[in-house]
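The values are calculated or read from the model by the stated rules, or taken from the named source; none is laboratory data. The structure presented is a predicted model; accordingly, all values stated were derived computationally and were not measured. When we count neighbours, we look across all protein chains shown, and the Cβ atoms used for this are built from the backbone with ideal geometry, even at glycine.
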Amino acid sequence: MLSYPEPGPLTLNVNGDMLSLTPRPADTLLYSLRQELGLTGAKPGCENGDCGACTVMVDGLPIKSCLMLTAEAEGREIRTVEGLNNTVLQDAFMDAWAFQCGYCTSGFLMTAHALMEREPEADEATIVEWLRSNLCRCTGYEEIVQAVKAALEQTQRS
């Protein structure tokens, strides 16, 4: 019979806060963020990496948290949508009505935020390419693309 080591405590850097938890070996980052840490912005959608509703940033890159084990996140910088309070991007999403039901919105915000940090001069084709990793069932993507363009333009002016 196989025996597995007992899980031990981990400390995660989430939105600049050091948070402790003891995940099971198979716990995904999505599960731990939502169920153990109470950060429910990342949403369970497909839970197999296709929809992007669970997207968070890990070390500055958008990652689908349903595909990452919690244990893999230790020592890395995790940013969730809760860490994007009062940003130009959120305001642009509201101004452009870039959401309908809102379920996928946090994933789009995280992907767009990563884009803005990595490619602040992105053109529309680049924006569309980045947003392909997220799916929305409710709306056309035009408003989302327009919101990201507006946020990029505003940050370039500042």
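Here are the numbers for this structure:
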item: Strands (runs of 3 or more DSSP E) (entirely within the range 46-97) containing at least 3 residues that are touching a residue at least 12 places away in the same chain (Cβ under 8 Å) and either touching a helix residue (DSSP H, G or I) at 6+ places or on another chain (Cβ under 7 Å) or within 20 Å of Arg132 (Cβ to Cβ) (or both); result: 55-58, 61-64
item: Positions within the range 1-46 being acidic (Asp, Glu) and modelled with pLDDT under 95, in sequence order; result: Glu6
item: Residue that is nearest to the chain's Cα centre (by Cα) [pool: residues in the range 105-126 that are hydrophobic (A, V, I, L, M, F, W, C) and under 20 Å from Cys54 (Cα atoms)]; result: Met110
item: The range 36-83 - residue that is within 22 Å of Thr11 (Cβ to Cβ) and of a type in the set (Val, Ile, Thr) and, of those, farthest from the chain's Cα centre (by Cα); result: Thr70
